[in-house]
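Structure first, then comments.
The values are calculated or read from the model by the stated rules, or taken from the named source; none is laboratory data. In this text the structure is predicted, and so the values were computed from the model without any measurement. Note that each Cβ is placed from the backbone with ideal geometry, even for glycine, and that neighbours are counted across all protein chains shown.
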Amino acid sequence: MNRHHTDDRPPHGASGAPDAPGPDPRALGDDLVRLRHALHRDPELGLDLPRTRRKVLDALDGLPLEITTGTRLSSVTAVLRGGRPGPAVLLRADMDALPVQEESGLPYASEVPGVMHACGHDIHTAALVGAAHLLCARRDTLAGDVVFMFQPGEEGHGGARLMIEEGVLDAAGSRVVAAYGLHVFSTVLPLGVVATRPGPLLAASDTVTVTVNGRGGHGSSPHAAVDPVPAVCEMVTALQTMITRTVDVFDPAVLTVGSLHAGTTHNVIPSTARFEATVRTFSAATHDAVREGFVRTVRGVADAHGVEAGIDYQELYPPTVNDPAEAAFALRTARGLFGPQRAFEAPKPMAGSEDFSFVLAEVPGAFVGIGACPAGADPATAPMNHSPHAVYDDAVLPDAAALLAALAAGRLDREAAPGTTYPGPAPAPAPIPAPRDAAAPAGEGGR
Ligand SMILES: [Zn+2]
């Protein structure tokens with residue numbers, strides 16, 4: 001159970017965020033919390049998120065944005081035209097939830113059985129809405145355009161790739177010169193702490209299904225059958241050996257067999273066995289070596305046992321690779337906003353994966369992590385992203401919005417006149433329209 005009041009939250013960013021574009025993002029805090037709770041109560045899966053899209057469109061209502069929606073997915077693309085000439089940059093939030101039954105006990109917990117915002121994408125969505133409000137309030141000073149990419153289907157559906165195919169990178173009329181996104185963590189990072197790194201940040205993710213066909217028979221007479229069970233057992237262990245003998249330890253790979261099925265009872269040799277694996281890699285060289293080694297190993301073991309192996313090797317997401325200059329800029333920006341203690345260069349990548357990788361494969365940019373571990377919880381032991389118990393602190397919302405806005409405004413400033421800093425505060429943004437189906441008034445819920 002996570003109960004805290006915004007009044008109690010630590011004063012991170014309470015420097016008044018002097019370098020944030022526009023007004024103090026804290027003025028938006030209650031609106032963002034209300035929107036985030038409405039999203040959290042009503043999560044949706046996959047590429048079609050009609051209720052989520054409605055909430056986003058309502059929250060952007062009245063802003064000076066050019067808004068289009070996707071055709072193959074329920075995406076929202078919004079373009080803000082800056083008051084000064086310049087290129088376009090892109091800010092992205094993913095909006096989909098996970099097939100998880102929420103057990104957080106939060107007052108604003110999911111009301112959809114079996115579906116939960118267990119990865120914090122509700123925070124990303126609300127934060128990007130906040131960034132849109134902040135940037136619209138200082139539109140006149142923006143040295144170019146900002147594309148806001150609200151993306152469904154991050155969790156295994158490749159929504160980012162579909163949005164690229166539908167033109168999001170060129171939504172402002174020219175290819176964006178940079179792209180930024182962020183991800184909250186319910187664990188690992190302390191609340192409000194930002195981390196990223198140059199180069200690979202997250203892994204490529206492949207999924208492999210292997211179906212091994214032998215010939216079934218009586219358990220007492222294996223010589224009269226072709227048993228697939230010892231074959232798959234050897235494949236699983238041989239694959240681990242293949243990894244250690246194929247992969248440079250300084251360019252690592254993870255291979256996990258997470259599903260293994262064969263047979264029905266103790267004395268029947270099945271005709272078929274099947275297993276599923278996930279493969280995580282951080283470079284094209286290791287990716288290709290592991291893919292080749294996987295196929296070679298499984299086929300070789302199958303030959304040795306006289307069984308047939310069908311291999312369905314799916315390349316899900318490429319690695320998420322930050323442009324070094326953009327990662328450094330993101331850290332500089334976070335330190336400028338929140339202080340030097342609250343942003344650091346991550347010493348190593350993480351083996352999770354993320355489809356913002358498709359965007360970063362096309363344009364330079366950076367993906368950053370921000371800690372949303374509840375105040376008072378231990379980041380080392382708090383339930384992690386995707387857990388039914390995962391809790392993300394609302395207090396991160398204004399900071400996440402401010403960071404996204406500052407990345408866009410700062411990147412455009414950099415383009416216009418290298419070395420310039422943001423101008424002073426702009427007029428306060430208008431309140432964000434309340435979600436129409438939000439049952440709770442502002443301030444209710446987990447605050
Ligand atoms: Zn996620």
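Just one of R332, R342 is basic (K, R) and in contact with a strand residue (DSSP E or B) (Cβ under 7 Å, 6 or more places away or on another chain); which is it?
From the options R332, R342, the qualifying one is R342.
Could you go through segment 298-307 and let me know if any residue there is within 16 Å of D206 (Cβ to Cβ), more than 16 Å from the ligand (Cβ to nearest atom) and in contact (Cβ under 8 Å) with a residue 60 or more places away in the chain.
Yes, the conditions are met somewhere in segment 298-307.
All but one of (1) under 30 Å from M350 (Cβ atoms); (2) free of Cβ contacts under 8 Å to residues at least 60 places away in the same chain; (3) not aromatic (F, W, Y) hold for A262, so report the exception by its number.
(1)
Consider H117 carefully, then state whether it is of a type outside the set (A, V, I, L, M) and in contact with an Asp or Glu (Cβ under 6 Å, 6 or more places away or on another chain).
When the stated conditions are applied, H117 does not pass them.
Mind checking whether some residue in segment 225-243 is assigned to a strand (DSSP E or B) and over 20 Å from the mean Cα position of the chain (by Cα)? Explain how you work it out, then say what you get.
Within segment 225-243, the first condition is being assigned to a strand (DSSP E or B), and the residues that meet it are 226.
Now restrict to residues that are over 20 Å from the mean Cα position of the chain (by Cα): 226.
Yes, segment 225-243 contains at least one residue that is assigned to a strand (DSSP E or B) and over 20 Å from the mean Cα position of the chain (by Cα).
Quick grid of which residues meet (1) surrounded by fewer than 22 Cβ atoms within 10 Å (Cβ to Cβ); (2) not charged (D, E, K, R):
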residue: V301; (1), (2): no, yes
residue: G306; (1), (2): yes, yes
residue: V321; (1), (2): no, yes
residue: E354; (1), (2): no, no
residue: V359; (1), (2): no, yes
residue: E362; (1), (2): yes, no
residue: V368; (1), (2): no, yes
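Restrict the check to segment 134-141 and report whether at least one residue is crowded, with 24+ Cβ neighbours inside 10 Å, in a helix (DSSP H, G or I) and more than 16 Å from the ligand (Cβ to nearest atom).
yes
Quick test of your reading of the structure: N213 fulfils all but one of (1) under 30 Å from the mean Cα position of the chain (by Cα); (2) in contact (Cβ under 8 Å) with a residue 60 or more places away in the chain. Name the failing condition by number.
Every listed condition holds for N213 apart from (1).
Among the numbered criteria (1) closer than 28 Å to A330 by Cα; (2) surrounded by 24 or more Cβ atoms within 10 Å (Cβ to Cβ), which single criterion is violated by V79?
Of the numbered conditions (1) closer than 28 Å to A330 by Cα; (2) surrounded by 24 or more Cβ atoms within 10 Å (Cβ to Cβ), the odd one out for V79 is (2).
Name the pairs whose Cβ atoms lie under 8 Å apart, with the first residue in segment 385-406 and of a type in the set (S, T, N, Q), the second in a helix (DSSP H, G or I) and within 14 Å of the ligand (Cβ to nearest atom), and 6 or more positions between them or separate chains?
none
For the subset of segment 106-122 comprising residues that are assigned to a loop (DSSP other than H, G, I, E, B) and within 12 Å of the ligand (Cβ to nearest atom), which member is surrounded by the most Cβ atoms within 10 Å (Cβ to Cβ)? Outline the logic, then answer.
Keep residues of segment 106-122 that are assigned to a loop (DSSP other than H, G, I, E, B), which gives 106-115, 117-120.
Add one more test, that the residue is within 12 Å of the ligand (Cβ to nearest atom), and what stays is 117-120.
Numbers: H117: 31, A118: 29, C119: 27, G120: 27.
This residue is H117.
Restricting the search to segment 244-258, which residues are among the β-branched types (V, I, T) and part of a strand (DSSP E or B)? It would help to see each step written out before you state the result.
Going through segment 244-258, the residues among the β-branched types (V, I, T) turn out to be 244, 246-247, 249, 254, 256-257.
V254, T256, V257 - these are the residues of segment 244-258 that are among the β-branched types (V, I, T) and part of a strand (DSSP E or B).
This table checks each residue for (1) exposed (fewer than 11 other Cβ atoms within 10 Å of the Cβ); (2) of a type in the set (D, E, K, R).
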position	(1), (2)
G219	no, no
A224	yes, no
D227	no, yes
A238	no, no
F250	yes, no
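Got a number for residues in segment 21-47 being of a type in the set (G, A, S), in a helix (DSSP H, G or I) and modelled with pLDDT of 80 or more?
Residues flagged as of a type in the set (G, A, S), in a helix (DSSP H, G or I) and modelled with pLDDT of 80 or more within segment 21-47 amount to 2.
Give the number of residues within segment 339-355 that are within 16 Å of the ligand (Cβ to nearest atom) and part of a loop (DSSP other than H, G, I, E, B).
Residues meeting the conditions: 6.
Which is under 30 Å from A408 (Cβ atoms), in contact (Cβ under 8 Å) with a residue 40 or more places away in the chain and in contact with a helix residue (DSSP H, G or I) (Cβ under 6 Å, 6 or more places away or on another chain), of A179, A195?
Unique residue meeting the criteria: A179.
Please name all residue pairs, on different chains or six or more residues apart, with Cβ atoms under 9 Å, provided the first residue is in segment 114-126 and is in the same structural domain as A390 (by TED's automatic domain parsing) and without any contact (Cβ under 8 Å) to a residue 24 or more places away in the chain and the second residue is more than 9 Å from the ligand (Cβ to nearest atom) and among the β-branched types (V, I, T).
So the pair list comes out as G114/V100.
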